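Following: one structure in structure tokens, then a few remarks.
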Amino acid sequence: MNSADDRINTDADGRTGNWRLAVFPLAVMLAYVILYLIMPARTGRALVASGQILVQVALPLCIAFVLMVVLNLFVKPAHVSRFLGTGAGLRGVAISTLGGMISTGPIYAWYPLLKDLRERGASNFHIANFLGNRAVKPFLLPVMVFYFGWGYTVVLNILLIVGAISIACIVSLLVGWREVRE
């Protein structure tokens with residue numbers, strides 16, 4: 001931890017200030033209580049909507065958390081570099097493409113896992129490719145074929161994959177160029 005982080009997390013007497021982690025949730029709860037006293041019906045609907053969002057986000061967050069635990073226990077940075085690093089080749093492209101396709105839930109639930117992979121040696125290309133290929137969902141292909149037909153479905157999904165790889169190349173080049181300049 002650097003000195004700026006130490007200053008943020010210590011009180012005047014030098015003790016760590018873990019109570020600061022509770023400030024935001026307590027402020028939100030206080031806001032709900034005050035708003036409930038002013039307009040109970042609308043606040044109740046807002047609370048139900050917040051609960052529904054929490055339920056939708058819970059499963060992907062749990063999956064990402066479990067994957068992060070497994071990564072920390074069994075996967076070493078050398079493994080990540082070998083399979084998703086800059087020299088991973090076609091195998092790395094296939095892994096990041098398939099990973100993006102089979103990932104479910106809201107994308108922001110995957111950000112902590114992707115950050116962890118990046119810190120362990122995954123390249124910017126493979127992270128961007130994973131994110132780009134989230135638009136292709138194999139388990140929804142039968143529904144897409146039913147509504148749009150085989151031709152449309154095949155062409156669209158091939159273009160989505162090629163587009164994701166192309167964008168991953170551009171991201172990798174631009175981020176690499178920026179890092180060289182700094």
Could you rank the peptides 142-153, 93-104 by their average count of other C-beta atoms within 10 Å per residue, with the highest value first?
-> 93-104, 142-153
When the C-alpha atoms of the stretch 117-182 are aligned to their principal axes, what extent does each axis show, in angstrom, from largest down?
-> 50, 20, 10
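The numbers here are math on the coordinates, done by the rules we state, and not lab data. Source: prediction; values computed, not measured. Cβ atoms come from the backbone with ideal geometry, glycine included; neighbour counts cover every protein chain shown.
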